[in-house]
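Here is the structure we will look at.
Please treat every number below as a calculation from the coordinates, not as lab data. Model, not experiment: these values are computed from the prediction. Using ideal geometry, Cβ is built from the backbone for each residue, glycine included, and neighbour counts are taken over all protein chains shown.
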Amino acid sequence: MKKVINAQHIHKTFAAEKEKVMVLKGVSTTIYKGEFVSVMGPSGSGKSTLLYTLSGMDTIDSGEITFNDQSLTVCGETELSDIRRQQMGFVFQQPTFLKNLAIIDNIVLPALRDNRKKGKELANKAKQLLERTGIGDLAYRMTNQVSGGQLQRAGICRALINEPKMIFADEPTGALNSKSAEEIMKNFLQINQEGTTILLVTHDAKVAAQSERVLFMKDGQIVDELHLGKLSNPFLENRTEKVTRKMLKVEM
Amino acid sequence: MYYRMIRNDLLRNKLISITMMLFITAMTTLVSLVAILTINLIGSIDTLTKQAEVPDFLQMHNGDIDTERLQSFAAAHENVKDFQVLDFLNITGAKIQLGENSLMDNIQDNGFSTQSPKFDYLLDLDGQPIQPTEGELYVPIGYMKEGIAQIGDEAKIAGKAFQIVGFLRDAQMNSPLASSKRFLVHEKDYQELVSEGTLEYLIEFQLKALSKTNEFETAYADAGLEANGPTLTSGLFKIINGLSDGIMIAMILLVGFLIVIIAFMCIRFTLLTKIEEDYREIGTMKAIGLPLTDIKKIYVAKYALLALVGCLIGLLLSFTFSGPLLENIRLYMGESDYASWSILLAIFGSMVVFLLVIGYIHFLLRRFRKISAASAIRTGSPEEKNARKNYFFLSKNRVLPTNVFIGIKDVLSRKKLYATMLIVLLLSCFIMVVPWNTYQTVSSPTFTKYLGFGDMDLMVSMYQSDEHVDNEQQVVNYLNESESIEQFVQITSKSFKAKKEDGSEEKIVIELGDHNAFPIEYHAGKAPEQPNEIALSSMNATEFEKQVGDTIEIISDNGTETFVVSGIYSNILNGGKTAKAISSDESAPTMRLNYYIKLNDTSQIAGTAKEMSEALPFVKVTDADNHKQQVFGATIASIKTAANVSLIVALFITGLVSLLFMKLLVAKDRPAIAMLKAIGFTNQDLSKQYTTRGMFILIIGVAGGSILANTFGESIAGMVMASFGIEALTFVSHPIIYLGFPVLMLLVTLLATKIGTSQAGKIAIAENIKE
């Protein structure tokens, strides 16, 4: 299988006041094309930092990260921006948008940067994505005129507008109620089924259980891993139980 | 604890703290300067007036004089405290040589006098009446300022040698705006000079009740006493003495006022941004039960410290700057008696600035009451309100590049936020354009239209004398025969009386002749064309309460004649009180004859003027441009300095505020910037977006500032000019003001935006997007 991300021995330190805190302590992992991987772990374990470093949004102190065989550690700021815009998609815990643009404009934003003349085409594509995620009628609303769940789905549409090779999601259901969270996960599963690789950070065992592989982190290291395989709905409760048990073991 | 919190906060926000302090410093400096300069100006004028014992009423007179008649009028009038007649020996500039410099081109009426016996003393630089010895010459202080004369120079007056031993202050004629200057010599030297000049008289009165000066003026006119020349009062002397420096103070006051507005806007903007940033902390402090007053103290203490330091520095700076700025006042008028008062008032002004800043902070902090602890901790600061309706969609935009669209859209969506920067840029543009337009207007050739005479090259003037008729014929013959003259017209100034609205009569000087030959600008109506029409200078129009279309009764020896006011014009010469008519009245006494002349070749003005002076020694030849330059030269130069200073101040404010604003904006927009970077926008993209915002506001600011400068600014400049007697001033501009200055502002804003937003590229995505 083709490797999308290959990370080897990555270290990351944060300087806080007078002392330094090592957040990632020699993490190595590989994510393959078409996979849906979750990262779980207690607060402060370094899971979000891992996501930000693997996507090139944050720098590392040492180690090596490649994305589609291209080394991210040697790329300059502009190159990294190009990779993020053209090959990656991001969904954040708090859906962050430009508040003075309509939802559809926020969605086409990363694509318009390179294709100013294709506004109409991109708008149609954004509308299709909105339809697919079930919020087709909200295209021209402002971001403060829709609910958190709807906004998160708009965030997924934005992540998909450039047809990325991989989506990074940092606790995408963390700020949502359970019904909205379920709908968001349905969207992710559908995207994954269509071939997009997903790396998702979560606290929620039920969310992690829907991915095919779960990485468990503790104190800046990947300490365990659980292979669940592709999800088939009748067995979701079993998978959630497995993830919970593993998580408890990690935390002990 | 407060000390540590304040120190940490100041260190963390160095640029913002320094900028705030700079504004408070500037504000205090200007407020304090205005106080110091105003008090010292008033004080110096008062001191000079007292030391010189200025007459309360002065009638200049050219021609025969009946001193006994004047003496008996003075004795009979109950309001007269003292009376004297002084000689003023007018000697043509060509006969005055001061060191290396000749006063040939000098437009002043240079006269020689001896020290007055009773009052109206000519003073030395220590404020003492001068008693020159034989061969000594004291020169008006203005000639020292202009570098025309120096102590120790030899002077030649009509061939007689003198030594310049000092300079004199003249409470009447000190100002460059006064048209005469007095030199002081010994009585014996004076007698030797008498045959070389024309004698004029200064008929001077000191009055018991100053409030009754107007009544005295009317009584003097009614008595039919000597009045062939301008009439002046002590109030007018004070105004003339204070005008040049008064304009400078007025300009500082205007700039100061704008700086105060800008400073308060910046305080508001930075404080509100800080509160927004600290929203959660404020909520937490409220939640744990800290009283509101304690929370406020933290903010007030920081600004109190900045304000205190700023005010102290400002006060010290104002003392430093006041020295050079008071130099001119001290030179012309001497030390002020109120110097210590000015220091007290400056300190008081600085304290007012300090208290205003603190008061304003308290006022802004009222909003703490509205902060809900629970929601502040949970959600942070409330979101800004978005535009209710969205008319511009990025996805439908086919014209603007994405970054430019985002920049403009942001400005349009957050108008309240950008209003601060917009108003500052608008005011900066205003501060820049108004003084430059004023300078451009005053220095433009068309400015003569406000001076009460048309666009001429030369003016030949001749006072009434015994040889009047012969001389007049000689001048007319010369002008008719000269080949270098394209056109000339004779204007005769005659003295009449006119009836005021209240029935009283007042003297009026009317210029009679063809006023269409050298047309001037009338800010209302037109030139007189019919024999029963009259045009009034704006000061006379005000004095007689007349408007275009009104009638005015003119009294001459032939009786009373009614004239219709055909127009009103600006005039700054001859005390600003003139009138124009075309009728010729032989009965009234001629005061002087003027010939307005246009030459075939304007490059020959100087040569022709010299020839004319030699051929017609009894006339005064004035080069119109040179005349304007000498009367207004110093004022034009001060306006130019003020314009340059304003330009620098405005550019500095533009840069500083743009920098401050962009820095705060970037801090405020951190999550949005992090998001844009996360989804693949490069640092260059961000830079383009912020530059667009800066440019967009700048364009609106410059447009608004220019409109404001041409409307409101023109009115302000007009008001200042009106004190010279120039009404309805219209700005004459220059392309560089509207093209070059915006380019300068653009460069400064670009640079400030570049520096101010440089941190945007360094914003860490992860830290700013997680929550």
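Dipole of the protein assembly as shown (Lys/Arg Cβ +1, Asp/Glu Cβ -1, origin at the Cα centre): which of B:269, B:63, B:326 lies farthest to the positive side? Most positive-ward Cα: B:269. Taking GluC sites (Glu not before Pro) as exposed when their DSSP state is a loop state and no more than 11 other Cβ atoms lie within 10 Å, the longest site-free interval of chain A runs over A:18-193. Pairing the Cα long axis of helix B:2-12 with the longest principal axis of chain B, what angle in degrees results, from 0 to 90 and rounded to the nearest 10? With rounding to tens, the tilt is 80 degrees. The string of couplings for the stretch B:749-760 from the Karplus curve (6.51, -1.76, 1.60, θ = phi - 60°) is 5, 4, 4, 5, 5, 4, 5, x, 9, 4, 6, 4 Hz, one whole number per residue in order, with x for Gly and Pro. As I understand it, the value is the acute angle between the Cα axis of helix B:14-52 and the longest principal axis of the Cα atoms of chain B; what does it come to in degrees, rounded to 10? The answer is roughly 20 degrees.
Less than 5 angstrom separates the built amide H of residue B:155 from those of B:99, B:162, B:163, B:164, all sequence-distant by 5 or more or on a different chain.
When the Gaussian network model of chain A links Cα atoms closer than 10 Å, the mean-square fluctuations of A:112, A:72, A:24 top out at A:112. With 19 Å as the limit on Cα-Cα distance, the pairs of B:181/B:628; B:50/B:81; B:416/B:663; B:297/B:415; B:274/B:370; A:218/A:249 that go past it are B:297/B:415. Segment residue B:751..residue B:10, full-extension length gain: 264.3 nm, with 0.36 nm per residue of separation and the alpha-carbon distance subtracted.
Calculate, for residue B:480 and residue B:587, the FRET efficiency according to 1/(1 + (r/R0)^6) with r their C-beta to C-beta distance and R0 22 Å; round to the nearest 0.05. Result of the calculation: an efficiency of 0.20. Placing pseudo-labels 7 Å out from each Cα toward the beta carbon at residue B:367 and residue B:46 gives an inter-label distance of 4.6 nm. From its DSSP helices (H runs of at least four residues, each -39,500 (n - 2.57)), the protein assembly as shown gives a residue-normalised ellipticity at 222 nm of -16000 deg cm²/dmol.
Placing dummy labels 7 Å off each Cα toward the beta-carbon, the span from residue B:272 to residue B:444 is 4.0 nm.
Available extension along the chain between residue A:77 and residue A:244 is 56.2 nm, counting 0.36 nm per residue and deducting the alpha carbon span.
Take every DSSP beta bridge whose two residues both sit in chain B; close to 80 percent of them are antiparallel.
Loop sites here are trypsin sites (Lys or Arg not before Pro) outside DSSP states H, G, I, E and B with no more than 12 other Cβ atoms within 10 Å. The longest part of chain B free of them is B:1-384. Per-residue 3J(HN,Hα) values for the stretch B:249-257, derived from phi via the Karplus relation 6.51 cos²θ - 1.76 cosθ + 1.60 with θ = phi - 60°, read 5, 4, 5, 4, 4, 5, 4, x, 4 Hz in sequence order (x marks Gly and Pro). If you plug the beta carbon distance of residue B:222 and residue B:81 into 1/(1 + (r/R0)^6) with R0 = 25 Å, you get a FRET efficiency near 0.80. Taking the Cα centre of chain B as reference, the dipole from Cβ charges on Lys and Arg (+1) and Asp and Glu (-1) amounts to some 8400 debye.
Potential lengthening of the chain between residue B:300 and residue B:288 amounts to 2.3 nm, from the contour at 0.36 nm per residue minus the alpha-carbon distance. Which angle between 0 and 90 degrees, to the nearest 10, do you get for helix B:468-481 versus the longest principal axis of chain B when only C-alpha atoms count? Once rounded, one gets 60 degrees. The distance linking the stretch A:54-104 with the stretch B:509-586 is 82 Å (Cα centroid to Cα centroid, whole angstrom). Note on residue B:253 and residue B:629: with the Förster distance fixed at 25 Å, the Cβ-Cβ geometry gives a FRET efficiency of about 0.35. Spin-label model, residue A:69/residue A:145: points 7 Å from Cα along the beta carbon direction are separated by 4.8 nm. Placing +1 on the Cβ of every Lys and Arg and -1 on the Cβ of every Asp and Glu, with nothing else charged, gives the protein assembly as shown a dipole about its Cα centre of roughly 10680 debye. Which residues make up the longest stretch of chain A that has no trypsin sites (Lys or Arg not before Pro) in a DSSP loop with at most 15 other Cβ atoms within 10 Å? Counting only loop sites that pass the neighbour cut-off, the longest clear stretch is A:34-229.
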